[in-house]
1. Taking the residues in the range 12-54 that are farther than 19 Å from Ala126 by Cα and among the charged types (D, E, K, R) as candidates, determine which candidate is most open to solvent (accessible area, probe 1.4 Å).
2. I need the full set of residues from the range 35-59 which are touching a residue at least 40 places away in the same chain (Cβ under 8 Å) and within 11 Å of the ligand (Cβ to nearest atom), in order please.
3. Can Arg5 be described as touching a residue at least 12 places away in the same chain (Cβ under 8 Å), basic (Lys, Arg) and within 16 Å of the ligand (Cβ to nearest atom)?
4. With Ala126, Ala92 as the choices, which residue is closer than 21 Å to Met37 by Cα and surrounded by 16 or more Cβ atoms within 10 Å (Cβ to Cβ)?
5. Got a number for residues in the range 97-139 being on the phi > 0 side of the Ramachandran plot and touching a strand residue (DSSP E or B) at 6+ places or on another chain (Cβ under 6 Å)?
6. How many residues are open to solvent by 40 Å² or more (accessible area, probe 1.4 Å), in a helix (DSSP H, G or I) and either in contact with a helix residue (DSSP H, G or I) (Cβ under 7 Å, 6 or more places away or on another chain) or within 19 Å of Ile23 (Cα to Cα) (or both) when one looks only at the range 100-123?
7. Out of curiosity, is Glu62 within 13 Å of the ligand (Cβ to nearest atom), open to solvent by 30 Å² or more (accessible area, probe 1.4 Å), more than 24 Å from Ala126 (Cβ to Cβ) and touching a residue at least 24 places away in the same chain (Cβ under 8 Å)?
8. Could you figure out which of (1) more than 12 Å from the chain's Cα centre (by Cα); (2) more than 22 Å from Ser130 (Cα to Cα); (3) hydrophobic (A, V, I, L, M, F, W, C) isn't true of Leu63?
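The values are calculated or read from the model by the stated rules, or taken from the named source; none is laboratory data. What you see is a predicted model; the values in this text were computed from it and never measured. Here the Cβ positions follow ideal geometry from the backbone for every residue, glycine too, while neighbour counts run over all protein chains shown. Surface areas here come from the heavy atoms of the whole protein model, side chains and all, with no ligands, DNA or RNA. Shrake-Rupley method; radii C 1.70, N 1.55, O 1.52, S 1.80 Å.
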Amino acid sequence: MTGNRTFTMIKPDAVENGHIGAILEKITAAGFKIVAMKYTQLSLRDAKGFYAVHSERPFFGELVEFMTRGPIVAAILEKDNAVEDFRALIGATNPAEAAEGTIRKLFATSIGENAVHGSDSDENAAIEGSFHFAGREVY
Ligand code: CMP
């Protein structure tokens with residue numbers, strides 16, 4: 001059975017480049033309902049915790065530095081088959097490999113600075129959503 005929620009962040013590169021509005025428009029036009037959203041900046045501790053699964057990767061330091069350098073938009077999105085459909089909407093991790101029309105193809109600049117995050121499983125969507133939002137912040 002597939003879940004109906006996923007978690008996303010509009011990352012610091014996309015915020016710096018003024019793409020918040022265009023990205024939210026793509027997300028809602030694709031049929032996702034925003035059930036939680038906040039504009040915030042990750043602390044070093046937040047970023048290290050959120051990306052703990054990548055802590056042994058060679059790019060971990062770069063990833064943490066990037067994700068803490070400016071504000072992000074964090075959101076929980078609702079739609080049937082949310083995780084899979086959202087990953088299709090954002091495209092491949094590396095924008096050079098992302099399909100035409102996907103959010104990363106349109107707005108990302110590199111594999112590290114790739115504009116948006118999307119959960120990779122229903123389990124991680126729930127973990128990542130509750131990392132950023134208390135139950136009373138989800139509508
Ligand atoms: P995301 O899939 O949202 O979460 C893990 C992030 O690690 C990924 O987006 C990229 O921002 C980053 N990442 C993955 N692979 C690389 C890489 N080879 N070099 C730098 N950053 C990477």
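1. Here the answer is Arg45.
2. Phe50, Phe59
3. The answer is no for Arg5.
4. Answer to the check: Ala126.
5. Looking only at that region, the number is 0.
6. 3
7. yes
8. Condition (2) is where Leu63 drops out.
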